[in-house]
Structure formats: C-alpha cells, structure tokens
C-alpha cells in the first residue's frame with residue numbers, strides 16, 4: 001500500500017519531462033425527492049452538491065509507459081457522508097511486446113447485461129454516489145496481462161481492501177438504521193488481506209466470452225446490528241467466486257448472459273442475469289436508433305441477512321428502452337423498470353444525457369419505487385423516489 005501511495009506523490013517527478021494532458025469536468029447537481037423523509041433525522045427539501053473530477057494523462061518511451069490520475073471530489077449540502085473524495089485511478093502501466101503491467105489504483109469493469117452487473121467484483125461500490133452500483137472506488141492492485149491470438153489473460157493481485165460507502169443519518173436512500181463506522185472482517189488480516197483474481201477473455205466470430213475466478217474479501221458486506229441495536233456494522237466475508245459473461249451478436253440482436261457461483265456466505269449459490277437487446281435502426285426515417293431490452297434476474301443466495309448480504313434481485317425481470325438520437329448533441333435516453341415476480345414491487349429508472357455546445361453537458365436521472373412491500377429489501381427506500389439534474393463543464 002505504501003508503494004502505491006508513493007506512486008501518486010512521485011507523479012510530478014515521473015512525468016516532468018513528458019508532455020501531459022489535463023482534462024476532466026466540474027459540475028453542479030440537484031436532487032429533488034418526491035416524498036417526505038421516512039426515517040428520523042433524514043433531511044427535508046432539495047439536495048445540492050458540486051463535483052470536480054480532474055484527469056491527468058501522460059506517457060513516454062514511445063507510449064510504452066503510461067500514467068493516469070483521476071481524482072473525484074464531491075461536496076454535498078445535506079449528507080456529510082456524501083461529501084467525500086476518492087482516487088478513482090492513479091497508476092503506471094508498462095506495455096511490453098507480449099505483456100502489460102499495471103501498478104496503482106485502477107477501475108476494472110466486467111459484464112455485458114444492462115440491469116445488473118453481476119460479475120463486476122474487482123472494485124468496491126461507491127454507494128453514496130448511487131444505488132445502481134455503477135460508481136466504483138479506485139482499487140489498489142497489481143495487474144499483469146497478456147494478449148495473444150488465443151485470447152487475453154489477466155492476473156489481479158489486490159493488497160488492500162476498500163470499504164463500501166454508505167449515507168449518513170441525514171442522508172436519503174439509506175436503511176432504517178445508519179451504517180456505523182465499525183467494520184468486521186472474517187479474515188484476521190482485515191483490510192490488508194491479499195485478494196486475487198484471474199480472468200480470460202476471447203472472441204470467436206459473433207461470440208464474446210469472459211471467464212474469471214476470484215478469491216478474497218467479498219465486496220458485498222453483511223449488515224449486522226450492534227449490541228445496542230441502534231446502528232449497523234458492516235461485516236465482510238471471505239468468498240470464492242467463479243463466473244462468466246457471454247454476448248452473442250447477430251444482426252440487430254445482442255444476446256447477453258452473466259452468471260456466477262459463490263461460496264463463503266451461507267450455502268454455495270448461483271446467480272444469473274440473461275436477456276437480449278434488439279435495435280431498431282433509423283426509426284421513422286430519422287437518424288435515431290431505438291434499442292429494446294429484456295432481462296431476467298435470479299439470485300439463489302440465503303435470504304437470512306445474518307448469513308448473506310441482502311439482494312432485492314432474486315427473482316425479477318427487467319424491461320427497458322435505449323434511444324440514441326445520433327445528433328450532433330449526442331442525445332441519449334435510457335428507460336427501464338425492474339419488477340419482482342413475487343410481490344410485484346417495481347423499480348423505475350431514467351437516465352438522459354445531452355451535450356450543450358462544445359464543453360457542457362446536461363444529465364437527468366430519475367429513480368422511482370412503486371408498490372414496494374413491507375418485506376421487500378427495497379422497503380427502506382419506499383419514500384426515496386427522486387429526480388436529479390447535473391450540469392457539467394468539461395475542460
């Protein structure tokens with residue numbers, strides 16, 4: 001870990017003779033919740049925040065040595081826990097003839113499905129940023145990779161664990177009890193347990209295939225009440241997990257599958273997400289494309305929260321639509337709903353983005369919870385439906 005921190009602080013010396021490129025964005029965001037708060041202490045009214053994410057890239061040795069730094073900072077008006085910063089990326093990558101080595105903080109994204117990135121396990125979720133598990137904390141790692149005609153092979157060694165972020169007492173989209181700062185680990189090494197993952201990727205004709213194996217501290221914590229029953233403590237288990245993501249492309253169809261088998265949290269269980277995306281091109285004689293999505297979500301983990309982390313997506317289906325106008329403003333809209341097959345609870349989402357001129361973008365995000373049963377894992381979010389808007393300037 002000390003070596004990774006030294007890498008960040010030594011950055012200016014490492015790139016002093018190199019022409020570096022600085023980019024990123026600064027933004028302002030507002031969220032409006034549609035209902036009054038559900039739990040004592042939660043804020044009322046609007047939630048404002050500001051964001052800055054500078055990015056620095058540099059390379060030398062004819063591009064064989066690359067450096068990248070991404071810093072994320074958010075200042076929030078309502079929730080102190082949502083005011084936070086993170087090193088999203090801060091690494092050095094060396095590219096040789098037949099292999100690559102990356103050292104530092106990085107983000108790795110796995111998966112092909114839309115409703116849930118089931119196999120994405122390398123990085124921890126930045127839960128105060130969003131409940132869709134799309135935002136990830138930077139993960140300290142050593143990554144050795146090789147790319148051959150028979151596919152690509154990656155080995156990840158992760159010497160330091162990142163704890164999941166959670167909203168504070170004033171925050172929305174939280175549990176009835178606030179997640180405390182106390183943490184429990186199954187491993188005696190705690191946060192310093194060395195996690196290991198290997199992954200193989202290849203494509204053959206219309207097929208894209210990924211296979212992986214992970215051994216280490218699970219990124220999903222169990223939430224255990226403290227001795228007074230007033231707060232929740234996060235408990236991280238040791239798990240073994242194997243999984244795959246597969247995509248088959250044929251004409252306007254994308255057939256997608258993600259699956260895993262995990263042991264270490266109760267009985268060994270399997271989980272899957274499977275479905276398709278069908279694209280209608282140049283609809284109505286315009287340049288716009290419309291993608292129609294449908295997926296099924298299954299998770300066989302133990303329903304006892306004392307044994308396994310809870311999940312609301314154990315037997316659900318997802319329907320969605322993706323509209324790309326293909327205009328000069330790069331306008332995109334994604335609509336979706338996840339419906340529980342048992343109690344028929346519904347989780348609606350909308351994401352839209354459009355460029356304003358050369359340097360500005362506007363984004364709209366909406367989350368709605370409907371018909372949520374009292375026994376549902378989403379029951380704590382019943383009154384947390386919201387609409388958010390973000391205006392960003394890119395530099």
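Annotations for the structure displayed:
- Evaluation of residue 229 against (1) on the phi > 0 side of the Ramachandran plot; (2) surrounded by 17 or more Cβ atoms within 10 Å (Cβ to Cβ) (one fails), failing number: (2)
- Tally, over region 356-395, of residues that are surrounded by 15 or more Cβ atoms within 10 Å (Cβ to Cβ), out of contact with any helix residue (DSSP H, G or I) (no Cβ under 7 Å at 6 or more places or on another chain) and farther than 15 Å from residue 25 by Cα: 18
- In region 91-118, the residues that are at positive phi and modelled with pLDDT of 95 or more reach residues that are in a loop (DSSP other than H, G, I, E, B) and surrounded by 18 or more Cβ atoms within 10 Å (Cβ to Cβ) with C-beta atoms within less than 7 angstrom, at least six apart or across chains, in these pairs: 111/117; 111/118; 111/119; 111/120.
- Odd one out for residue 262 among (1) buried (at least 17 other Cβ atoms within 10 Å of the Cβ); (2) outside any strand (DSSP E or B): (2)
- Residue match in region 216-223 (condition: in contact with a strand residue (DSSP E or B) (Cβ under 9 Å, 6 or more places away or on another chain), more than 20 Å from residue 126 (Cβ to Cβ) and touching a residue at least 12 places away in the same chain (Cβ under 8 Å)): no
- Residue within region 162-179 that is closer than 18 Å to residue 236 by Cα and free of Cβ contacts under 8 Å to residues at least 24 places away in the same chain present: no
- Checking the stated criteria, residue 201 turns out not to satisfy the condition of being in contact (Cβ under 8 Å) with a residue 60 or more places away in the chain and either surrounded by fewer than 19 Cβ atoms within 10 Å (Cβ to Cβ) or not in a strand (DSSP E or B) (or both).
Quick grid of which residues meet (1) closer than 25 Å to residue 220 by Cβ; (2) under 22 Å from the mean Cα position of the chain (by Cα); (3) modelled with pLDDT of 95 or more:
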{"position": "316", "(1), (2), (3)": "yes, yes, yes"}
{"position": "324", "(1), (2), (3)": "no, no, yes"}
{"position": "337", "(1), (2), (3)": "yes, yes, yes"}
{"position": "353", "(1), (2), (3)": "no, yes, yes"}
{"position": "362", "(1), (2), (3)": "no, yes, yes"}
{"position": "395", "(1), (2), (3)": "no, no, yes"}
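- Which numbered condition residue 75 fails, given (1) out of contact with any helix residue (DSSP H, G or I) (no Cβ under 6 Å at 6 or more places or on another chain); (2) buried (at least 17 other Cβ atoms within 10 Å of the Cβ); (3) modelled with pLDDT of 95 or more; (4) within 29 Å of residue 361 (Cβ to Cβ): (2)
- For region 316-355, a residue qualifies if it is in a loop (DSSP other than H, G, I, E, B) and buried (at least 18 other Cβ atoms within 10 Å of the Cβ), and exactly one does: 345.
- Filter result for residue 278 (more than 30 Å from residue 216 (Cβ to Cβ) and in a strand (DSSP E or B)): yes
- The residues in region 182-198 that are more than 25 Å from residue 226 (Cα to Cα) and assigned to a loop (DSSP other than H, G, I, E, B) can be counted, and the count is 1.
The values are calculated or read from the model by the stated rules, or taken from the named source; none is laboratory data. These numbers come from a predicted model, not from an experiment. Here the Cβ is made from the backbone with ideal geometry for all residues, glycine too, and neighbour counts use every protein chain on show.
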